[in-house]
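Q: Questions regarding the structure given below will be posed in turn.
A short reminder: the numbers here are calculations on the coordinates, not readings from a lab. Please read all numbers here as calculations on a predicted model, not as lab measurements. All Cβ positions, glycine included, derive from the backbone under ideal geometry; neighbour counts span all protein chains shown.
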Amino acid sequence: MGRLDGKIALITGTGGGQGRAAAVLFAKEGAKVVGCDLKEAGAAETLKMVHDAGGAMVSMAPIDISTDAGANAWVKDAVAAFGGVDILYNNASFPRIGPFQEASADDWFFTVRNELDIVWFVTRAAWPHLVARGGGSIINTASIAGQRGMMFLPQSAHSATKAGVIGLTLQFAAAGARHHIRANSISPGLIATPATQVYTDDPESAFSRKARENPWGRIGYPEDIAKLALFLASDDSEYINGVDIVVDGGQSIML
Ligand SMILES: NC(=O)c1ccc[n+]([C@@H]2O[C@H](COP(=O)([O-])OP(=O)(O)OC[C@H]3O[C@@H](n4cnc5c(N)ncnc54)[C@H](O)[C@@H]3O)[C@@H](O)[C@H]2O)c1
């Protein structure tokens, strides 16, 4: 018996990192998974990993789901693939990180589109299908950056969008309750993924130094996040709605 037997899970950004870990784990637990990514090769690799392990998955890549048209196109094909949607995991994001004084207007709008618009458009497209199934679970990826100032790595647009994701989650929960659609967010701490490799490759980067200070004694891994996403996707979390859960080894609450 898998914890997601019979469920159809749409996961964004399955080309690597946390989206890949979730695709592999959700499929292992019996879900039929639909992935997508900008990255064709990474998405294909994830698809192979799931299939080699005997899981059920389809994937669309390359596709940009940060626009109304892109999100609608993916959700339409995704819903058609297995006949509906029970779980929507809004994992994908693409921020531009850096001091806001040095950022351009394009940097700001790029980050807003690829971290906030992407969640709104994809969820809006998937909503009628979740309603039609009689309920479901939405999992949004926020960040501790949406809740704390980051002295070690300036990231104002990213912080703003991730705070926005937490706000969106509350409204999805409010709108969804009467349809038995739950919405919760996950706020990862410092996680080793393709997105952070540019920092983790350099042991002297501010990111690596901060990761070494973690009270749990290690950096986070995509699987740490996937295990929580699995719980939030499954019926085990049926009465959990509208919350944000930090996964960071306790780093952000310790002085
Ligand atoms: N890695 C960390 O330390 C960390 C910390 C806090 C929050 N997060 C969040 O966790 C989530 C996963 O991050 P990750 O570290 O695994 O990143 P990642 O870059 O490894 O994976 C994200 C995937 O999303 C895809 N993607 C981005 N924009 C897309 C678009 N418009 N259309 C289709 N695909 C798109 C990327 O190509 C990539 O494969 C993100 O929401 C990120 O902001 C990460």
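Q: For Arg218, all conditions in the list (1) buried (at least 16 other Cβ atoms within 10 Å of the Cβ); (2) within 14 Å of the ligand (Cβ to nearest atom) hold save one; what is the number of the exception?
A: Unmet for Arg218, out of (1) buried (at least 16 other Cβ atoms within 10 Å of the Cβ); (2) within 14 Å of the ligand (Cβ to nearest atom): (1).
Q: Considering every residue within the range 107-114, establish whether at least one is in a helix (DSSP H, G or I), under 22 Å from Ala27 (Cα atoms) and within 13 Å of the ligand (Cβ to nearest atom).
A: no
Q: Working only within the range 7-42, note down all residues that are more than 14 Å from the ligand (Cβ to nearest atom) and either touching a residue at least 60 places away in the same chain (Cβ under 8 Å) or not small (Gly, Ala, Ser) (or both).
A: If the condition is that a residue be more than 14 Å from the ligand (Cβ to nearest atom) and either touching a residue at least 60 places away in the same chain (Cβ under 8 Å) or not small (Gly, Ala, Ser) (or both), then Lys7, Ile8, Ala9, Phe26, Lys28, Glu29, Ala31, Lys32, Val33 are the ones that fit.
Q: State the number of residues belonging to the range 23-77 that are hydroxyl-bearing (Ser, Thr, Tyr) and assigned to a strand (DSSP E or B).
A: Residues meeting the conditions: 1.
Q: Out of the residues in the range 118-176 that are part of a helix (DSSP H, G or I) and of a type in the set (D, E, K, R), which is surrounded by the fewest Cβ atoms within 10 Å (Cβ to Cβ)?
A: Result: Arg124.
Q: I'm trying to understand the selection: among the residues of the range 179-196, which are near the ligand (Cβ under 7 Å from one of its atoms), of a type in the set (A, V, I, L, M) and crowded, with 22+ Cβ neighbours inside 10 Å?
A: Matches in the range 179-196: Leu190, Ile191.
Q: A follow-up question, please. Among the numbered criteria (1) surrounded by 17 or more Cβ atoms within 10 Å (Cβ to Cβ); (2) within 15 Å of the ligand (Cβ to nearest atom); (3) over 21 Å from Ala31 (Cα atoms), which single criterion is violated by Ala103?
A: Every condition holds for Ala103 apart from (2).
Q: Let me ask another. So which of Asp201, Asp224 ends up being over 24 Å from Ala71 (Cα atoms) and more than 13 Å from the ligand (Cβ to nearest atom)?
A: From the options Asp201, Asp224, the qualifying one is Asp201.
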